[in-house]
1. Give the range 43-63 a look and list any residue that's buried (at least 18 other Cβ atoms within 10 Å of the Cβ) and in contact with a strand residue (DSSP E or B) (Cβ under 8 Å, 6 or more places away or on another chain), or say none.
2. Being outside the structural domain of L18 (by TED's automatic domain parsing) and either part of a loop (DSSP other than H, G, I, E, B) or crowded, with 17+ Cβ neighbours inside 10 Å (or both) is the requirement here; does H158 meet it?
3. Among residues belonging to the range 18-42 that are exposed (fewer than 14 other Cβ atoms within 10 Å of the Cβ) and not polar (S, T, N, Q), point out the one that is nearest to the chain's Cα centre (by Cα).
4. Which condition number does E107 fail, the rest of (1) in contact (Cβ under 8 Å) with a residue 60 or more places away in the chain; (2) assigned to a strand (DSSP E or B); (3) not hydroxyl-bearing (S, T, Y) being met?
5. For R126, work out the one condition from (1) exposed (fewer than 12 other Cβ atoms within 10 Å of the Cβ); (2) closer than 16 Å to I16 by Cβ; (3) modelled with pLDDT of 80 or more it doesn't fulfil.
6. Starting from the range 167-186, keep only residues that are at pLDDT below 85 and of a type in the set (A, V, I, L, M, F, W, C), then list their pairs with residues that are surrounded by fewer than 19 Cβ atoms within 10 Å (Cβ to Cβ) and assigned to a strand (DSSP E or B) whose Cβ atoms are within a distance under 7 Å, requiring at least 6 positions of separation or different chains.
7. Look at the range 13-39 and say how many of its residues are among the acidic types (D, E) and modelled with pLDDT of 85 or more.
Amino acid sequence: MNVRCNHDLGKRVKRIRLERGLTLKDVEAKVGVSATHVSEVERGKTSPTIGILAKIAHALEVDAAFLIDVPIAMPVHVAPREGRDRLGLDQGRIFLESLTNGLARSELTAMLMLLPPDHSTPVMRRHEGEQFALVLDGSLEVHTGETVVRVEAGDSIHFRARLAHGVRNPGLEPCTVLWASCPKVVL
């Protein structure tokens with residue numbers, strides 16, 4: 001059985017793959033789905049089978065339903081504190097809680113980013129759009145291109161996402177950040 005092919009699915013797969021810092025060949029090596037086939041899925045040129053979609057999701061470290069779940073179009077969306085979607089990235093170095101994924105066709109993603117203390121090198125990502133962060137608690141170190149900026153509670157940072165960028169918590173206490181991204185990132 002094939003999953004109905006659409007550009008949103010392909011764009012979502014590509015965006016998540018790039019956010020994870022994976023190449024098409026990395027996905028192929030992780031789960032045995034050819035780089036060419038993954039590229040065709042990303043471009044909306046082919047419909048993946050459920051099995052292939054599950055393998056791609058496994059390589060991206062997301063649930064397959066996450067790739068095809070389309071939010072219901074609502075004019076207003078409230079994200080209650082309890083029950084928000086939560087996603088772990090970079091082997092538990094970063095946790096994201098979705099604040100905005102309930103509004104269909106939205107151009108903005110806002111999320112709470114929770115970072116435990118971490119002194120390892122951040123995972124760098126690059127994609128189109130803009131990123132904005134307001135540190136609510138703790139300290140955040142933001143690497144953009146060749147620049148490293150430390151952002152403290154109450155401070156904010158805004159930059160173009162096409163710069164290779166990564167974050168980490170250089171402090172001793174957990175860090176909480178209000179993070180916004182445009183265009184939309186689906187969690």
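1. Once the filter is applied, which keeps residues that are buried (at least 18 other Cβ atoms within 10 Å of the Cβ) and in contact with a strand residue (DSSP E or B) (Cβ under 8 Å, 6 or more places away or on another chain), the range 43-63 yields P48, V62.
2. Considered against the rule, which asks whether it is outside the structural domain of L18 (by TED's automatic domain parsing) and either part of a loop (DSSP other than H, G, I, E, B) or crowded, with 17+ Cβ neighbours inside 10 Å (or both), H158 comes out as no.
3. K25
4. Against the list (1) in contact (Cβ under 8 Å) with a residue 60 or more places away in the chain; (2) assigned to a strand (DSSP E or B); (3) not hydroxyl-bearing (S, T, Y), E107 comes up short only on (2).
5. Single failed check for R126: (1).
6. C182/E130
7. Within the range 13-39, residues that are among the acidic types (D, E) and modelled with pLDDT of 85 or more number 2.
Conditions (1) closer than 22 Å to G88 by Cα; (2) over 15 Å from the mean Cα position of the chain (by Cα); (3) of a type outside the set (A, V, I, L, M, F, W, C); (4) in a strand (DSSP E or B), marked per residue:
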site	(1), (2), (3), (4)
L114	yes, no, no, yes
P122	yes, no, yes, no
A133	yes, no, no, yes
H143	yes, yes, yes, yes
V148	no, yes, no, yes
G154	no, yes, yes, no
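The values are calculated or read from the model by the stated rules, or taken from the named source; none is laboratory data. Quantities reported herein were computed from a predicted structural model and do not represent experimental measurements. All Cβ positions, even for glycine, are placed from backbone atoms using ideal geometry, and neighbour counts span all protein chains on display.
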